[in-house]
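The values are calculated or read from the model by the stated rules, or taken from the named source; none is laboratory data. All figures in this text were calculated on a predicted structure; none of them were measured in a lab. Every residue, glycine among them, receives a Cβ derived from its backbone with ideal geometry; neighbour counts consider all protein chains shown.
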Amino acid sequence: MNNQQKSHFCKLSIIFIIFFSYNLTTQDYTIKLLEKYSPFADKIINYTLKDSSSFEKLAFMCDAFGHRLSGSDSLNKAIIWLEQEMKKAGLENVHLENVMVPHWVRGNEFCKLIKPYQRHLSFISLGGSIKTPKEGITAPVLVVKSFEDLEKQKNNVQGKIVLFNYDYKNYGQAVQYRFHGAEYAAKYGAIASLIRSATPNGMNNPHTGSMGYNDSIPKIPHGALTVEDAALIERIQKRGQTPVITLYMESDTLPDKLSYNLIGELKGSEAPDDIVVIGGHSDSWDVGSGAHDDASGCIGTLQAVRILKELGLRPKRTIRVVAWVNEENGMRGAWAYAKAHQNEKHVLAFEWDSGVFPPSEIRVSPDTLVHKLKIFEPLLSKIDSIKIIKGGFGVDIIPLTQAGVPTMSLNTEDHGQYMWYHHSPSDTPDKINPYEFNKCIATIALIIFIYADL
């Protein structure tokens, strides 16, 4: 071996030693962290899975106060009750923060097929829609499959009610018709617009949600039919007949009303000014009682912190629980919170708004957090097969995300079922599995405790 070869060999040896030593150090660090937090994980999981109070609190919130649409008395009553529950749980600095929220009301509504035969149609107004005239609107219906289809038939739209009976692919696609449908239909002279409900499944269940207007285009009433009734109208049109319907809506937008963000904390033991904020949204649509969306997020995050406190587990950083208001039709609570607390040091923002099903993923952003937290998957596996992956997201934490705060969210394995109930009369406590709810709470309590303690 010549001197050049010896030098090359030495360099390779040094690189190997450094790489091997680094791997040993990393593995040793991982083992120590797992050994440190494994007893805490066992405590949290065993305590949470035996708890019966979480589902009872969720069910009471839904049963006692009903729907919680922004601007409603029922929403504010539910928030005041949640405030008392935070205080009972022993959280610190529990308080309300004023937020002016939009106040849209539904009123009476109906939709009837008049021709070629008469039938009552299962219908729901979309949030933010204007009302019809007092006599309602009676007009022929033009069924289209997409915005592109509407463009092709634009010369046939004038004076009609446009029905978007799109082929459902996913929620993101469906929301485009819900939010922009009235704008696109009115652009070509429609006098009202309807959509197929934003759900993969029918069961004659209409689904509501937010819609929007373009101020440069006339505003027209906008609502949703069930999957079944939208299909019925399309079948009539395909037979060469012209469906005619009568639409009646009393929906209206009233002046903004006072509501609240709700806040409570478990103060950190070493770095109390470092804030891990977690929560869900207190408001719901005015149909059903918002059990999945999002009483589960409010109650679940509160219960997670209550359990940590009862177990005597106080992490280094502060965990702040927030029940954000007005997620469904305005995000006023999200923006108000971000503004009011812009000078505080948020080290993580977590939101749970994915429904109650078996916990499957902890999503985090930025991507560098995946490597930091993935080592804790063995502890999470004591609850379920839960993976740490990239992509943390929540509507109420968007303002914090834009300010550069790392984000985290819980995904559940719903097999598409969440959208069966979403924004519909069927979103009620009987659709919640109490044991799965406890598993989600255990997941939140464990991963948030670890993150706040690192």
Check on LEU142, surrounded by 13 or more Cβ atoms within 10 Å (Cβ to Cβ), assigned by TED's automatic domain parsing to the domain that holds TYR337 and not in a helix (DSSP H, G or I): no
Look through ILE448, ILE375, ILE388 and report the one residue that is in the same structural domain as SER52 (by TED's automatic domain parsing), in contact (Cβ under 8 Å) with a residue 12 or more places away in the chain and either surrounded by 22 or more Cβ atoms within 10 Å (Cβ to Cβ) or closer than 27 Å to SER52 by Cβ (or both). ILE448
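Looking only at segment 343-393, which residues are under 21 Å from LEU33 (Cα atoms) and assigned to a strand (DSSP E or B)?
To start, the set of residues in segment 343-393 that are under 21 Å from LEU33 (Cα atoms) comprises 347-348, 361-364, 367-389.
Selection gives VAL347, LEU348, GLU361, ILE362, ARG363, VAL364, LYS387, ILE388, ILE389.
Would you pick out the residues in segment 169-179 that are of a type outside the set (Gly, Ala, Ser) and surrounded by fewer than 18 Cβ atoms within 10 Å (Cβ to Cβ)? Reasoning before the result, please.
Here is the first cut: in segment 169-179, the ones of a type outside the set (Gly, Ala, Ser) are 169-171, 173, 175-179.
Matches in segment 169-179: LYS169, ASN170, TYR171, GLN173, VAL175, GLN176.
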Return the residues of segment 213-265 that are assigned to a loop (DSSP other than H, G, I, E, B), crowded, with 18+ Cβ neighbours inside 10 Å and not aliphatic (A, V, I, L, M); say none if nothing qualifies. TYR213, PRO221, THR226, PRO243, SER251
Under 6 Å by Cβ, and 6 or more places apart or on different chains, what pairs join a residue from segment 132-158 that is more than 14 Å from TYR188 (Cβ to Cβ) with one that is in a helix (DSSP H, G or I) and charged (D, E, K, R)? VAL143/GLU234
Any idea how many residues of segment 77-123 are small (Gly, Ala, Ser) and within 22 Å of LYS134 (Cβ to Cβ)? 1
The lone condition ALA198 fails out of (1) touching a His at 6+ places or on another chain (Cβ under 8 Å); (2) within 22 Å of GLY136 (Cα to Cα); (3) in a loop (DSSP other than H, G, I, E, B) is (2)
